[in-house]
Amino acid sequence: MTTTNALGSAAPVSGSGRAPAPHLAGNFAPVTKELTAYELPVTGAIPPELVGWYLRNGPNPRDAASAHWFFGDGMVHGVRLEGGKAVSYRNRWVRTSTLTDGAQVRGRDGRPDLTAGVANTHVVHHAGRTLALVESSFPYELDCSPGHELETVGPYDFDGRLTTAMTAHPKTCPTTGELHFFGYGAPEPPYLTYHRADASGALELSRPVEVAASTMMHDFHLTAGHVVFMDLPLVYDRGTPGMPYVWDPAYGARLGVLRRDDPHGDVRWFAIDPCYVFHSLNAYDDGSGRIVLYVCRYPALELKSLPTLWRWTIDLASGKVVEEQVDDQSGEFPRMDDRLAGLDARFGHITRSGGPGAGPTPSALIRYDLHTGTSTRYDFDSGRTPAEAAFAPADDRPGGPGWLLTYVYDAARDSSDLGILDAEDIAKGPVATVHLPQRVPYGFHGNWIPDPAQ
């Protein structure tokens, strides 16, 4: 059974006689309906250990038009798994004040409205709350309880304590349960503020970090002992139309290291070669005064520039950084077993998929053994394109067996599936494919959110 919600359908792009922009064409184009479907058809066998939600966020402009892929209204797509079955699928717009009331990020008085935003980048769970995130505003809380699945509760500002935007890539410490994150802003300082919430969700620390200018700082790193910021040369420029950030290698590139046991202390800066990083895979302290970071690194943020996996090693004693390319296979959206975030995790995964500038590169999931430097991969059939693959554990052993969950677009059917692969043997392909009632447009990030009892 499938039902449709009545928020109001998106209008098709028409009228000008011109082809839509690339970020509004093909599987980048928004879907127009909110659906709820039950008892989804499955090819293969869903692992019975998977009991919970796979949720993924992405841009889906309600009016079917946006100036940039990053600007579309957020829509969360969710598949509920339980008892070896695909119980349901639903997709819902995040009902931000921008979506419902046309609120702008700056009000009439010119001051920022942090409740305004599109909440289109990530969806995370911490301290009993599910949050839809975009780095330019406050999070929006979603209700995932039975009977209210994916309804929007409203903006969340940590009981009034959060006074900056929040990154879409917070990190949960597996040892303390703390949520570490930052907010960056423009055009006035502070350009960067570091935040920490405790395991119960209370925001207990906020401190500005001095940087020379506002840069688009999309992600950062957390280890057992350090927080590492990436101050890279994508610099705010108010006069730039569309995305107000420009690639400026003259700004330089550097990594800022803050000790977690001295969160108000000095940030030490380490120079690196100019580059850009949207996403980090993991970071850890090696026990010998070095910090090891894994990133998907772009040599420059320009058309046809593709990322590859790199390792940066910060030597705290010498003040130098060793920069090494791990692989020449391009890929993005790095993920791992988040129960090992900030520790020496052995395995990580990246996705090679369609996107602006990706060209004809075949779609694949790549699994890295970071201890041996080897990799394995699964190549998808022509016309089938995976999204980010989130890790879902099979048991309570961090770094142990688990599953990779990814939405896969099938161009021949103009529809999408949820693919489930054995993380320890991805080369054999999906163990289960859940067939969805509509396509899931290309988007950004998501998570496996198990039921509390799991």
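The values are calculated or read from the model by the stated rules, or taken from the named source; none is laboratory data. Predicted model, so just to flag it, every value in this text is computed and none were measured. We place every Cβ from the backbone using ideal geometry, glycine too, and count neighbours over all the protein chains shown. Accessible surface areas use protein heavy atoms only, side chains included; no ligands, DNA or RNA. Shrake-Rupley method; radii C 1.70, N 1.55, O 1.52, S 1.80 Å.
Under the condition of being in contact (Cβ under 8 Å) with a residue 60 or more places away in the chain, open to solvent by less than 30 Å² (accessible area, probe 1.4 Å) and on the phi < 0 side of the Ramachandran plot, the residues counted in the range 336-352 number 6. Residues in the range 53-72 that are out of contact with any Cys (no Cβ under 9 Å at 6 or more places or on another chain) and open to solvent by less than 20 Å² (accessible area, probe 1.4 Å): Y54, R56, N57, G58, P59, N60, P61, A64, G72. Among V326, V295, which is the only one that is surrounded by fewer than 22 Cβ atoms within 10 Å (Cβ to Cβ) and either assigned to a strand (DSSP E or B) or modelled with pLDDT of 95 or more (or both)? On inspection, the qualifying residue turns out to be V326. Scanning the range 128-140 for residues that are open to solvent by 50 Å² or more (accessible area, probe 1.4 Å), within 24 Å of S280 (Cα to Cα) and of a type in the set (G, A, S) yields a count of 1.
Against the criterion of being more than 24 Å from A427 (Cβ to Cβ), out of contact with any strand residue (DSSP E or B) (no Cβ under 8 Å at 6 or more places or on another chain) and either in contact (Cβ under 8 Å) with a residue 24 or more places away in the chain or open to solvent by 70 Å² or more (accessible area, probe 1.4 Å) (or both), D381 does not qualify. Exactly one residue among D143, D157, D219, D231 is open to solvent by 40 Å² or more (accessible area, probe 1.4 Å) and touching a strand residue (DSSP E or B) at 6+ places or on another chain (Cβ under 8 Å), and that residue is D143. In this structure, A165 does not satisfy being over 24 Å from F220 (Cβ atoms) and either at pLDDT 95 or above or touching a helix residue (DSSP H, G or I) at 6+ places or on another chain (Cβ under 6 Å) (or both). Restricted to the range 336-454, the set of strands (runs of 3 or more DSSP E) holding at least 2 residues that are β-branched (V, I, T) comprises 347-352, 374-379, 402-410, 430-435. Residues in the range 103-125 that are more than 15 Å from the chain's Cα centre (by Cα) and open to solvent by less than 40 Å² (accessible area, probe 1.4 Å): A103, G107, G110, L114, A116, G117.
Of the residues screened, P274 is not one that is out of contact with any strand residue (DSSP E or B) (no Cβ under 9 Å at 6 or more places or on another chain), open to solvent by 20 Å² or more (accessible area, probe 1.4 Å) and not in a strand (DSSP E or B).
Elements of the type strands (runs of 3 or more DSSP E) sitting completely within the range 27-90 and holding at least 2 residues that are out of contact with any helix residue (DSSP H, G or I) (no Cβ under 8 Å at 6 or more places or on another chain) and among the β-branched types (V, I, T): these cover 42-44, 74-82. Kindly check whether there is at least one residue in the range 147-158 that is part of a loop (DSSP other than H, G, I, E, B), of a type in the set (S, T, Y), over 21 Å from V76 (Cβ atoms) and modelled with pLDDT of 95 or more. Looking for residues that are part of a loop (DSSP other than H, G, I, E, B), of a type in the set (S, T, Y), over 21 Å from V76 (Cβ atoms) and modelled with pLDDT of 95 or more, one finds none in the range 147-158, hence no. Within the range 377-399, the only residue that satisfies the criterion of being over 23 Å from the mean Cα position of the chain (by Cα), farther than 22 Å from P441 by Cα and not acidic (D, E) is R397. One residue alone among T176, T96 is modelled with pLDDT of 95 or more and open to solvent by 40 Å² or more (accessible area, probe 1.4 Å), and that residue is T176.
From the list S318, S305, S288, exactly one residue is hydroxyl-bearing (S, T, Y), in contact with a Pro (Cβ under 8 Å, 6 or more places away or on another chain) and surrounded by fewer than 20 Cβ atoms within 10 Å (Cβ to Cβ). Which is it? Among S318, S305, S288, only S305 is hydroxyl-bearing (S, T, Y), in contact with a Pro (Cβ under 8 Å, 6 or more places away or on another chain) and surrounded by fewer than 20 Cβ atoms within 10 Å (Cβ to Cβ).
Within the range 425-454, residues that are free of Cβ contacts under 8 Å to residues at least 40 places away in the same chain and closer than 17 Å to A389 by Cα have Cβ atoms under 6 Å from residues that are in a strand (DSSP E or B) and open to solvent by less than 40 Å² (accessible area, probe 1.4 Å) in no pair, counting only partners at least 6 apart in sequence or on another chain. For the range 41-52, a tally of residues being under 22 Å from Q438 (Cβ atoms), open to solvent by 20 Å² or more (accessible area, probe 1.4 Å) and among the hydrophobic types (A, V, I, L, M, F, W, C) returns 1.
Does A186 meet the test of being buried (at least 22 other Cβ atoms within 10 Å of the Cβ), of a type in the set (A, V, I, L, M, F, W, C) and touching a residue at least 40 places away in the same chain (Cβ under 8 Å)? Spelling it out, it is not the case that A186 is buried (at least 22 other Cβ atoms within 10 Å of the Cβ), of a type in the set (A, V, I, L, M, F, W, C) and touching a residue at least 40 places away in the same chain (Cβ under 8 Å).
Looking at this structure, is S145 more than 27 Å from Y245 (Cα to Cα) and free of Cβ contacts under 8 Å to residues at least 12 places away in the same chain? Criteria met by S145.
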